[in-house]
């Protein structure tokens, strides 16, 4: 059996806080995750996931794949989990190292050289130099690697278009279309079983496909402009505007105006307000009237705090980056390029600071530490409302994240 090992490298740090609660390959872009894009290229292969130790128990719950298991095969293809897979990397008998600007993209390695490639080795910045000592052929490659959260957002439109080709027949409508729905370019629309598209809805796929999963409700007088993906069991509220480049994860509830944004599963933005060029984690809630700025008034490029540093994104459009289990109250205003950590509770008047550490409670007037036990109880309550339980491993992960982010909360929010 062919063996594919998908690993995390040191680049995960620039995808925090989104990846405190998940492997880098679980991030969404287009229709599905980075992991799903890799796996679909290797049918019947054995899949092994490498990750940081503290998220291993949660990944073992989520997937049928082995996690941090020793590779035991004659040859294995190791693939960087940050890859935006555009073409299949051949699984041949020839050893080869693919790099991009000194970053390991993939390594096709025989058994005698596999022994030292353990999960934590890939998290070491010196992994490429260690592989060079094995005297394996190196090759410069052009695959895209996701380096920062806004890379996911900026590639989302093209990825929806590309992913759409791999899913059920275009133009297939299994759901219920009510009288008064307007469909443009039906051949680029898919609607799954038991979904309902209510009167007055406009599905405009002239500039890109629209994929609507199973058991989705799109309520009346909503406009959806492709390319757009809406996951199973989601609800789009009346009079919403869902613009191009938007992906909505399973079980989410969305309203108002959303443009060029990615929302992970089971998050809510049910009311009025603008969400643009943003990435929202799972189990988040944006209160009524929450707005995100995604463009500066002087049209200069947006700077974002990532991994303790201010990074120039070289992009005019960057909105909100919010990690799992965070909430905003009614009328919250997020500045351009704001980053919010895990389990934050944000409220009050005024513009929020641009960087908010995990487990913070407060708003424009300042923040205090969010009590860990209360944060966990809130997570349990929110998940039960959707018929889900916070597992003991997920609870432990939240406690681990609280400890790992302790130093961030000593610093003032920026």
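The values are calculated or read from the model by the stated rules, or taken from the named source; none is laboratory data. Remember, predicted model here, so these are calculated numbers, not experimental data. Ideal geometry is used to build each Cβ from the backbone, glycine not excepted, and the neighbour counts take in all protein chains shown.
For residue 214, the conditions (1) under 20 Å from residue 157 (Cα atoms); (2) surrounded by fewer than 23 Cβ atoms within 10 Å (Cβ to Cβ) are fulfilled apart from (1).
Answer yes or no as to whether residue 208 is in contact with a helix residue (DSSP H, G or I) (Cβ under 8 Å, 6 or more places away or on another chain), assigned to a loop (DSSP other than H, G, I, E, B), touching a residue at least 40 places away in the same chain (Cβ under 8 Å) and at positive phi. Yes, satisfied. Out of all the residues in region 82-98, is one or more within 27 Å of residue 394 (Cβ to Cβ), touching a strand residue (DSSP E or B) at 6+ places or on another chain (Cβ under 9 Å) and buried (at least 17 other Cβ atoms within 10 Å of the Cβ)? Yes - at least one qualifying residue is present in region 82-98.
Scanning region 211-232 for residues that are within 22 Å of the chain's Cα centre (by Cα), closer than 13 Å to residue 183 by Cα and assigned to a loop (DSSP other than H, G, I, E, B) yields a single hit, 226. Examine region 335-356 for a residue that is in a strand (DSSP E or B) and in contact (Cβ under 8 Å) with a residue 60 or more places away in the chain, and state whether such a residue exists. Within region 335-356 (the criterion being in a strand (DSSP E or B) and in contact (Cβ under 8 Å) with a residue 60 or more places away in the chain), the answer is yes, since at least one residue qualifies.
Tell me which residues, restricted to region 358-376, are buried (at least 21 other Cβ atoms within 10 Å of the Cβ), in a loop (DSSP other than H, G, I, E, B) and touching a strand residue (DSSP E or B) at 6+ places or on another chain (Cβ under 8 Å). Those that are buried (at least 21 other Cβ atoms within 10 Å of the Cβ), in a loop (DSSP other than H, G, I, E, B) and touching a strand residue (DSSP E or B) at 6+ places or on another chain (Cβ under 8 Å): 359, 370. Taking residue 346, is it farther than 20 Å from residue 155 by Cβ and either surrounded by 20 or more Cβ atoms within 10 Å (Cβ to Cβ) or touching a strand residue (DSSP E or B) at 6+ places or on another chain (Cβ under 7 Å) (or both)? In short, yes.
Of the set (1) in contact with a helix residue (DSSP H, G or I) (Cβ under 8 Å, 6 or more places away or on another chain); (2) more than 29 Å from residue 226 (Cβ to Cβ); (3) assigned to a loop (DSSP other than H, G, I, E, B), all apply to residue 91 but (1).
One line per residue, one yes/no per condition, for (1) assigned by TED's automatic domain parsing to the domain that holds residue 189; (2) more than 16 Å from residue 149 (Cβ to Cβ); (3) at pLDDT 95 or above:
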residue	(1), (2), (3)
15	no, no, yes
34	no, no, yes
62	no, yes, yes
67	no, yes, yes
71	no, yes, no
75	no, yes, no
80	no, yes, yes
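Considering 251, 245, which residue is in contact (Cβ under 8 Å) with a residue 40 or more places away in the chain and within 20 Å of residue 385 (Cα to Cα)? Of the residues listed, the single one that is in contact (Cβ under 8 Å) with a residue 40 or more places away in the chain and within 20 Å of residue 385 (Cα to Cα) is 251.
For region 377-412, a residue qualifies if it is buried (at least 18 other Cβ atoms within 10 Å of the Cβ) and modelled with pLDDT under 95, and the qualifying residues are 408, 409. Inside region 177-197, can you point out the residues that are in contact with a strand residue (DSSP E or B) (Cβ under 9 Å, 6 or more places away or on another chain), loosely packed, with under 15 Cβ neighbours inside 10 Å and within 14 Å of residue 223 (Cα to Cα)? If the condition is that a residue be in contact with a strand residue (DSSP E or B) (Cβ under 9 Å, 6 or more places away or on another chain), loosely packed, with under 15 Cβ neighbours inside 10 Å and within 14 Å of residue 223 (Cα to Cα), then 182 is the only one that fits. When the residues of region 233-257 are filtered to those that are within 16 Å of the chain's Cα centre (by Cα) and in a strand (DSSP E or B), the one that is farthest from residue 208 (Cα to Cα) is 248.
Hey, does region 20-30 have a residue that's surrounded by fewer than 22 Cβ atoms within 10 Å (Cβ to Cβ), touching a strand residue (DSSP E or B) at 6+ places or on another chain (Cβ under 9 Å) and at positive phi? Checked against the condition, which is being surrounded by fewer than 22 Cβ atoms within 10 Å (Cβ to Cβ), touching a strand residue (DSSP E or B) at 6+ places or on another chain (Cβ under 9 Å) and at positive phi, region 20-30 yields no hits at all. Of the helices (runs of 4 or more DSSP H) lying entirely inside region 127-190, those containing at least 3 residues that are closer than 20 Å to residue 29 by Cβ span 149-154, 156-164.
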